[in-house]
Amino acid sequence: MRSRRASASSSDNSSYEAKRSGNVLPVVTVVVLFAVGLLCMSPLVRRSHEDNTLGLAPNSIHFENLAGRREHSNNKHLMQQVTPNPDPARHLASVSDFSRAQGNMSQNTMTPAPSAHEHSQGGHHRRRAFKSRRHRPVCPAGDRTGIFSEKHPQDNYFQELTTNLKYAIYTPIVLSRNPWIVQFDTLYSKEECEALIRDCDWWAKDITAGAGGQATATQYRNSSSFSCSITDVCSQRPGIRAHRDRLASVLGIGIEHAEDLNVLKYEAGGYYRRHHDYILADRNPDHEICGPRMLTFMAYLTDVEDGGGTSFFHLGIVAKPKAGRALLWVDTLANRPLEKDERTAHEALTVVRGTKIVATTWLHQYDQATNQRLRCCHQWTSSGK
């Protein structure tokens with residue numbers, strides 16, 4: 001009996017030991033797997049810590065899958081952009097690009113990868129949208145130095161034009177020094193004048209809108225006109241191109257400052273009443289961006305038998321028309337170059353006999369062409385003298 005109890009006791013003890021060993025084994029297994037997991041995760045945590053140190057988004061942990069590898073590659077590329085740069089401006093641009101790209105990436109980190117078609121279409125639209133934002137024009141555009149300023153005063157400019165020997169072939173004559181009016185007696189040959197006239201293949205009669213929509217002749221001007229923008233095909237015609245090239249080379253002012261070329265024809269009885277070329281700021285929405293008209297350049301293309309002179313009535317000066325002769329005068333004050341100089345108001349006297357044709361170009365303070373192309377300035381309809 002005692003031996004049976006002993007055997008039963010030993011049997012119970014062995015079963016208890018088996019149960020205890022069976023319970024311990026899963027615990028040990030869990031502990032071992034947990035330790036292995038920690039060892040596997042430590043490189044990822046370390047990389048995440050490094051990313052946070054570099055300023056990356058907190059949610060950019062690089063899980064070891066395809067999307068994670070793509071994000072990790074992108075982050076490596078972005079980290080290269082914030083490498084210290086000796087040029088502060090370029091460095092700031094790089095940081096800005098990095099932040100913008102990082103913000104975009106943080107928004108899309110946890111989204112499922114798109115299909116090939118979605119990726120292609122979405123990428124196309126995103127690139128186009130980003131490009132449109134990046135290339136949105138900033139107004140004003142172009143050179144902002146201006147024709148005249150404190151560093152480039154009117155007097156220095158006209159002194160150079162009238163005293164430098166390289167301009168002697170054009171026979172400059174000073175009609176007025178205050179304000180400046182200069183006459184070039186031989187700026188163009190008669191052949192060059194005739195070539196420009198030939199390139200004017202249409203003439204529009206001066207009209208205004210009258211009562212009831214009826215077109216009526218203007219009361220302040222009696223002429224017909226032709227105009228050509230520097231962006232039009234007509235600007236490549238030989239006579240027009242030669243005319244504007246000479247203007248730019250002699251005046252030393254880029255043609256981008258110029259309005260459209262405007263050519264006026266006055267038959268017998270033609271005139272243009274008293275006026276000024278300067279457009280007041282309250283009537284000129286582009287005053288700050290393109291600047292006012294600073295200079296007027298006018299070339300006579302024909303001889304006139306009688307009448308047709310250009311009168312600066314405040315100054316008692318009358319320039320007579322002669323083929324190849326040109327006038328250059330200021331529209332603004334010397335000490336305040338953005339303000340109107342009333343003294344250069346003028347009129348085209350009545351043509352008594354013959355035909356008077358003149359080509360006029362107005363030059364603005366700033367880059368007129370670039371601002372018009374980017375629609376920072378309006379496209380003005382030119383009117384001549």
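Just so you know, in segment 194-218 the residues that are in contact with a Lys or Arg (Cβ under 8 Å, 6 or more places away or on another chain) and modelled with pLDDT under 95 include one that is surrounded by the fewest Cβ atoms within 10 Å (Cβ to Cβ), and it is ALA217. Within segment 229-270, the set of residues being touching a Lys or Arg at 6+ places or on another chain (Cβ under 8 Å) and free of Cβ contacts under 8 Å to residues at least 12 places away in the same chain is empty.
Each residue in segment 275-296 was checked for being in a loop (DSSP other than H, G, I, E, B) and of a type outside the set (A, V, I, L, M, F, W, C), and 10 pass.
Would you mind telling me which numbered condition in (1) buried (at least 22 other Cβ atoms within 10 Å of the Cβ); (2) more than 22 Å from the chain's Cα centre (by Cα); (3) of a type in the set (Asp, Glu) GLU267 fails? If we test GLU267 against (1) buried (at least 22 other Cβ atoms within 10 Å of the Cβ); (2) more than 22 Å from the chain's Cα centre (by Cα); (3) of a type in the set (Asp, Glu), just (1) comes out false. Checked against (1) surrounded by 23 or more Cβ atoms within 10 Å (Cβ to Cβ); (2) closer than 23 Å to THR218 by Cβ, VAL330 meets all criteria but (2).
Once segment 286-314 is narrowed to residues that are among the polar types (S, T, N, Q) and crowded, with 20+ Cβ neighbours inside 10 Å, the residue that is nearest to ALA348 (Cα to Cα) is THR310. When LEU264 is tested against (1) under 17 Å from TYR188 (Cβ atoms); (2) part of a loop (DSSP other than H, G, I, E, B); (3) touching a strand residue (DSSP E or B) at 6+ places or on another chain (Cβ under 8 Å), just one condition goes unmet, and that condition is (2). Return yes when HIS378 is in a loop (DSSP other than H, G, I, E, B), touching a helix residue (DSSP H, G or I) at 6+ places or on another chain (Cβ under 7 Å) and not hydrophobic (A, V, I, L, M, F, W, C) and no when it is not. For HIS378, the condition - in a loop (DSSP other than H, G, I, E, B), touching a helix residue (DSSP H, G or I) at 6+ places or on another chain (Cβ under 7 Å) and not hydrophobic (A, V, I, L, M, F, W, C) - is not met. Kindly indicate whether TYR272 is part of a strand (DSSP E or B) and over 20 Å from ASN178 (Cα atoms). Criteria met by TYR272. Tell me, please, whether a residue that is at pLDDT 95 or above and β-branched (Val, Ile, Thr) can be found in segment 137-144. Looking through segment 137-144, none of the residues is at pLDDT 95 or above and β-branched (Val, Ile, Thr). I'd like the residue in segment 341-359 that is touching a Pro at 6+ places or on another chain (Cβ under 6 Å) and either assigned to a helix (DSSP H, G or I) or outside the structural domain of ILE197 (by TED's automatic domain parsing) (or both) and, out of all such residues, is farthest from ILE173 (Cα to Cα). The extreme case among them is ARG343.
Candidates in segment 351-385 are the residues that are of a type in the set (Phe, Trp, Tyr) and modelled with pLDDT of 85 or more; of these, the one that is farthest from the chain's Cα centre (by Cα) is TRP362.
Residue count for segment 314-340 under the criterion of being over 18 Å from ARG177 (Cβ atoms) and either in contact with a Pro (Cβ under 7 Å, 6 or more places away or on another chain) or part of a loop (DSSP other than H, G, I, E, B) (or both): the result is 8.
The values are calculated or read from the model by the stated rules, or taken from the named source; none is laboratory data. None of these values were measured; they are calculated from a predicted model. For neighbour counting, all protein chains shown are included, and Cβ atoms are generated from backbone atoms with ideal geometry for every residue, glycine included.
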